[in-house]
1. Return the calculated 222 nm mean residue ellipticity for chain B, to the nearest 500 deg cm²/dmol, obtained by summing -39500 (n - 2.57) across DSSP H runs with n ≥ 4 and dividing by the residue count.
2. With every protein chain left in place, what is the accessible area of B:W58 in Å² (1.4 Å probe, nearest 10)?
3. Calculate, for chain B, the solvent-accessible area per residue in square angstrom, rolling a 1.4 angstrom probe over the heavy atoms of the protein chains.
4. Run through the other copies and list how far each one's label point is from that of B:G98, in nm with one decimal, shortest first; the point sits 7 Å from Cα along Cα-Cβ.
5. Return the carbon/sulfur percentage of the accessible area of segment A:9-54, one whole number, probe 1.4 Å, all protein chains in place.
6. Can you give the FRET efficiency to the nearest 0.05 for A:E6 and B:S72, using r as the Cβ-Cβ distance and R₀ = 22 Å?
7. How about segment A:62-108: which trypsin sites (Lys or Arg not before Pro) there are in a DSSP loop, with at most 15 other Cβ atoms within 10 Å of their Cβ?
8. Could you please put B:V94, A:V78 in sequence from largest to smallest accessible area, using a 1.4 Å probe?
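The values are calculated or read from the model by the stated rules, or taken from the named source; none is laboratory data. Note that this is a predicted model, so its numbers are computed, not measured. Here the Cβ is made from the backbone with ideal geometry for all residues, glycine too, and neighbour counts use every protein chain on show. Heavy atoms of the whole protein, side chains included, go into the accessibility calculation; ligands, DNA and RNA do not. Shrake-Rupley method; radii C 1.70, N 1.55, O 1.52, S 1.80 Å.
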Protein chains: 2
Amino acid sequence: MSDSAERETGGSFMPKFDSQGLLAAIVQHAETGEVLMFAFMNDVALEQTRATGKAHFWSRSRGKQWMKGETSGNTLAVQQILVDCDQDALVLKVLPAGPACHTGQRSCFYRQLDENGLSPIPTDA
Amino acid sequence: MSDSAERETGGSFMPKFDSQGLLAAIVQHAETGEVLMFAFMNDVALEQTRATGKAHFWSRSRGKQWMKGETSGNTLAVQQILVDCDQDALVLKVLPAGPACHTGQRSCFYRQLDENGLSPIPTDA
């Protein structure tokens, strides 16, 4: 089987890191399905996440490894990791210990875009 | 208000494109909450999506603009666009015209990762 076919249909985990060595990581609440945040993972973050069960990432803006909640305590307990067809994106199904957003919001996605700009969405949506 | 504070708490849409001119775009089913796919958008893709109501992206691998479903017919009708705290990631809430994945799967995230590699997840999960 070609690498491409194996990557799409096979049982081998062959993560396809991008030119900066990163995978996209979508964090979704394991029970409600709400998308809580988005970040990137390098190989170290992925290994730390798998080893500890808590979500770790690579910060592009700060240029460092980080564990979500390392200062706030609002860690993310990873229940399941889904992998997409070409293995360059992950969905982390998590149970959050608190608000996922550093602003204190439950999710980082607390605004919607319309023709006039951004407006808050109901937090119980 | 500083740019950073306005970006996080304000009503202005100030998309923060990365060094390659891209935003992360998470596609989520508007009714079921299932994450269907992940891709990137540049400014043109974002404008085309807002103008047409159908999801458009930038393909990093092919180096071109594309509309999801332009060949398959499996377009994504965008119902709502959510924006995250630092405005570098979007959630597109969509109603899909067919399978979202080019493999024919409903979602690109059809496998889960465990200690032994990847295995299929039930499609009605």
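1. Working: 2 runs with 17 residues, N = 125.
The per-residue figure over chain B is -3500 deg cm²/dmol.
2. Rounded to the nearest 10, the figure is 70 Å².
3. Working: 5850 Å² over 125 residues.
Here the residues of chain B average 47 Å² of exposed surface.
4. Here B:G98 shows inter-copy label distances of 4.8 nm.
5. Details: 940 of 1970 Å².
Carbon and sulfur atoms account for 48 percent of the accessible area of segment A:9-54.
6. 0.45
7. Details: sites: A:R62, A:K64, A:K68, A:K93, A:R106; in loops: A:R62, A:K68, A:R106.
Qualifying residues, ordered by number: A:R62.
8. Details: B:V94 0, A:V78 30 Å².
Ranked list, largest accessible area first: A:V78, B:V94.
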